[in-house]
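Enquirer: If you scroll down you'll find the structure; I have some questions about it.
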Amino acid sequence: MVDLEQVQRTVVCTSDFEELQEASSEWDQQYVQLGAGQFDGRLELTQVGSRHIFREVWGKKLRYQGTAPAGSFGFALRLDKGSDANWVGQTADSDAVIFQAPGQEADLVSSEYWDSLVLSISEEEVFSTAMALTGGGDISSAFYGVLALKPRVAQNLRQYGHEFLRQSQLKCSTNPAEIARLSEQFTRLFLWELAQALETHSYVVEPSRYSRLVKQASDMVSGDLTGTIGLLEICSELEVSLRTLHYAFHDVTDMSPAAWLRRIRLNKVHNRLKHASADEILVKQAALENGFVHAGHFSKQYLQHFGCLPSETLCSSRNHASHSFVSISSNQNT
């Protein structure tokens, strides 16, 4: 039985994608902003013990890498009807459920706008629920990949998800027992629909070759301390042609490799400035560390991508809390 003191709701609204990343503290994750312009995001999280049910909105295209809370499965269903996303090399349309198994690293490239319902459910609960729903058959080992649902099923789950979030907003602080009951009910319904869909579907679990190439190239640039690794060095290291690299990035990210890698470098500068005080680093120094040698050109690219100047990011690190609003409610009326 769930301790009612473990029933709580958290809401975060922010213009900084890193703040949204850090709001889900039990997830080991990293966000990279790919879409140009100022970010706008929101998180509505209801936590019942180890079970998390939340809505997350990204106003810009992001790349998400990481793992779900320790010992838990992660599931995501789009609430919007936007363009396709890419999950470890597999296309995920608006009626698809994304599965993330415990300890398995995610690699998601979202659409330009992303609005999703996310569930984090303990391995024990998934196993016991799946066994009960299938009459003794364990299907939890299948929960890693992308599964396309029938539009009617996907829409029903969206409606149930919206209703749970609405009830959580109304009752989390006044009736935590009801929220705990509703969260269990919704989780069982969600897993039941997945179990039904899995009986008639098969799908690829392993990341595609193109997805692996994109990850390897991105890791090379992310770990580059000199800012000198370019496309030729990547092709040489990975033993692929520039054309193959281009095809891989277009397939997985819908971007050219040059644009993708430039945005990774911009994110590295953003992260460096975000977590430094003004007396620790100069903007020019952070830019040079990541291969930007022309200060004026760099500042223009940074402004276009993040909607602010690099100096503004550096200054905002002094006043971190000014960019977000956080509300936490529980049965203790905190």
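Enquirer: Over the chain, what is the mean sequence separation of C-alpha contacts under 8 Å (at least six apart), divided by residue count, expressed as relative contact order in percent?
Expert: 21
Enquirer: List the residue ranges in the chain for DSSP H helices whose C-alpha atoms run 24 angstrom or more along the long axis and whose Kyte-Doolittle average is 0.0 or above.
Expert: The answer, listed by residue number, is 176-198.
Enquirer: Give the lysines reachable from residue 150 as a straight Cα distance under 29 Å; neighbours fewer than 8 places away on the same chain don't count.
Expert: Reachable lysines: 60, 61, 81.
Enquirer: Taking H as built 1.01 Å from N, whose amide H comes closer than 5 Å to the amide H of residue 255, not counting residues under 5 places away?
Expert: Residues meeting the amide H criterion: 250.
Enquirer: Over region 182-268, calculate the relative contact order: mean separation of alpha carbon pairs under 8 Å at least 6 apart, over the residue count, as a percent.
Expert: Rounded, it is 28 percent for region 182-268.
Enquirer: Remind me, relative contact order of region 225-303 in percent, using alpha carbon pairs under 8 angstrom and six or more residues apart?
Expert: Reported as a whole number, the value is 34 percent.
Enquirer: Once you've got the GNM for the chain with C-alpha springs shorter than 10 Å, pick whichever of 120, 236, 173 has the biggest mean-square fluctuation.
Expert: 236
Enquirer: Hey, another quick one. For the chain, what does the accessible surface come to per residue with a 1.4 Å probe? Please give it in Å².
Expert: For the chain, the solvent-accessible area averages 46 Å² per residue.
Enquirer: Region 23-92 to region 218-252: how many Å between their Cα centroids?
Expert: 26
Enquirer: Residues with amide H under 5 Å of residue 96's amide H, sequence separation 5 or more or different chain, H placed in the peptide plane at 1.01 Å from N; which?
Expert: The answer is 78, 149.
Enquirer: Starting at the first residue of region 58-63, write each ³J(HN,Hα) from the Karplus equation 6.51 cos²θ - 1.76 cosθ + 1.60 with θ = phi - 60°, in whole Hz, x for Gly and Pro.
Expert: Once rounded to whole Hz, the list reads 10, x, 9, 5, 10, 10.
Enquirer: Still on this structure: Could you check which residue among 170, 191, 231 shows the biggest mean-square fluctuation in a GNM of the chain with a 10 Å Cα cutoff?
Expert: 170
Enquirer: Taking only Cα atoms and a 10 Å spring cutoff, compute GNM fluctuations for the chain and point out the largest among 293, 214, 12.
Expert: So, out of 293, 214, 12, the one fluctuating most is 293.
Enquirer: Would you mind telling me the share, in percent, of accessible area of region 1-71 contributed by carbon and sulfur at probe 1.4 angstrom?
Expert: 41
Enquirer: Once you order the gyration tensor axes a ≥ b ≥ c over the Cα atoms, which shape class does region 224-293 get: rounded for a/c under 1.5, otherwise prolate or oblate by comparing a/b with b/c?
Expert: prolate
The values are calculated or read from the model by the stated rules, or taken from the named source; none is laboratory data. In this text, all values refer to a predicted model and were calculated from it rather than measured experimentally. Heads up: the accessible areas ignore ligands, DNA and RNA and are worked out on the full protein's heavy atoms, side chains in. Shrake-Rupley method; radii C 1.70, N 1.55, O 1.52, S 1.80 Å.
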